[in-house]
1. Please go through (1) touching a Leu at 6+ places or on another chain (Cβ under 8 Å); (2) surrounded by fewer than 13 Cβ atoms within 10 Å (Cβ to Cβ); (3) closer than 30 Å to B:Gln17 by Cα for A:Asn122 and return the number of the only condition it doesn't satisfy.
2. Within the range A:84-103, which residues are surrounded by 12 or more Cβ atoms within 10 Å (Cβ to Cβ) and either touching a residue at least 12 places away in the same chain (Cβ under 8 Å) or hydroxyl-bearing (Ser, Thr, Tyr) (or both)?
3. Output the residues belonging to the range A:124-135 that are touching a residue at least 40 places away in the same chain (Cβ under 8 Å), within 7 Å of another protein chain (Cβ to nearest Cβ) and more than 17 Å from B:Asn32 (Cβ to Cβ).
4. When you scan the range B:27-41, how many residues do you find that are at the interface with chain A (Cβ under 7 Å from one of its Cβ atoms) and in a helix (DSSP H, G or I)?
5. Among residues belonging to the range A:68-123 that are of a type in the set (D, E, K, R) and under 17 Å from the mean Cα position of the chain (by Cα), point out the one that is nearest to the other protein chains (Cβ to nearest Cβ).
Amino acid sequence: MDEVSALDISASGLVAQRLRLNVVAENLANAETTRTADGGPYRRKVAIFGSDGGESFGQTLGAAQADAVRVLGVEESDEPARMVHQPGHPDANAEGYVMLPNINPVLEMVDLLGATRAYEANITALQAAKSMAMKALEIGR
Amino acid sequence: MQIVFDETNRLLSEMVQGAKLRHQILSGNLANVDTPGYEPKDVSFAAALTQARQAAGGGGTVQVQTNVVSEPDGPARQDGNTVQLDRQMAKLAQNTLWHNSMLQMLSTRMAILKSAIKGS
């Protein structure tokens, strides 16, 4: 069933983009978090995507297969923390600087928009697959 | 029973299969719209059909062949991805219409057969 795997592929895109949205939401929520379990400020997280191509079953058989997307993991960005002069802050160092998370809200909002659009594109593909399958069921009716 | 098992119906159903494969490939491109280094794929089957027609000389059986090809949409982004979302969406809409029109033709042929059986 081609439709089923087309639906699976679109679903993999939806899962990946939703995870990306979750990561963006987490980053925005923690834009000012100065204390974490690991100590130090919160670090920006990034979702890493990879293509599911290569050694799939269909390709081994010689049939070309479409690639689903896979979330390889969520990794922490190694950009340096923002240093802000706030001598009254409880987490300020000896010089009066506070280490704030390396989060740029503008960057996060752009990422949010990109993830939303990609999510919508996958929804459209999913609906098209569904309508194609429904149309095929109507043959001879 | 020429209308049920004839060349036209076989070709139509093969084209439907091709459209389904192309939809699968295009969905894969959309799923990988943010995968670093991903190159979009497409199915070329219209060219294969023409080639097969020429080879068959009009008389023999015509086979629809589908080939999956890698086809960059445009210049690579900074992450090496060459998928253009708008172009893929246009292809997807086009392919859905194509698939549905093939199915419509099949459906019409079945309706003709049905009315011939019923006689009314």
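1. Just one mismatch for A:Asn122, condition (2).
2. Within the range A:84-103, the first condition is being surrounded by 12 or more Cβ atoms within 10 Å (Cβ to Cβ), and the residues that meet it are A:84, A:86, A:89, A:91-92, A:96-103.
Scanning the range A:84-103 gives A:Val84, A:Gln86, A:His89, A:Asp91, A:Tyr97, A:Val98, A:Met99, A:Leu100, A:Pro101, A:Asn102, A:Ile103.
3. Let us first name the residues in the range A:124-135 that are touching a residue at least 40 places away in the same chain (Cβ under 8 Å), namely A:125-126, A:129-130, A:132-133.
Those left that are additionally within 7 Å of another protein chain (Cβ to nearest Cβ): A:125, A:129, A:132.
Once the filter is applied, which keeps residues that are touching a residue at least 40 places away in the same chain (Cβ under 8 Å), within 7 Å of another protein chain (Cβ to nearest Cβ) and more than 17 Å from B:Asn32 (Cβ to Cβ), the range A:124-135 yields only A:Met132.
4. Residues meeting the conditions: 4.
5. Applying the first criterion (of a type in the set (D, E, K, R)) to the range A:68-123 yields A:70, A:75-76, A:78-79, A:82, A:91, A:95, A:108, A:111, A:117, A:120.
Filter again for under 17 Å from the mean Cα position of the chain (by Cα), leaving A:70, A:75-76, A:108, A:111, A:117, A:120.
On the way: A:Arg70: 9, A:Glu75: 13, A:Glu76: 17, A:Glu108: 15, A:Asp111: 10, A:Arg117: 7, A:Glu120: 10 Å.
Checked the range A:68-123; the qualifying residue nearest to the other protein chains (Cβ to nearest Cβ) is A:Arg117.
Laboratory data are not the source of any read-out in this text; all were calculated from the coordinates shown. Because the structure is a prediction, the values reported are computed rather than measured. Backbone-built Cβ (ideal geometry, glycine too); neighbour counts: all protein chains shown.
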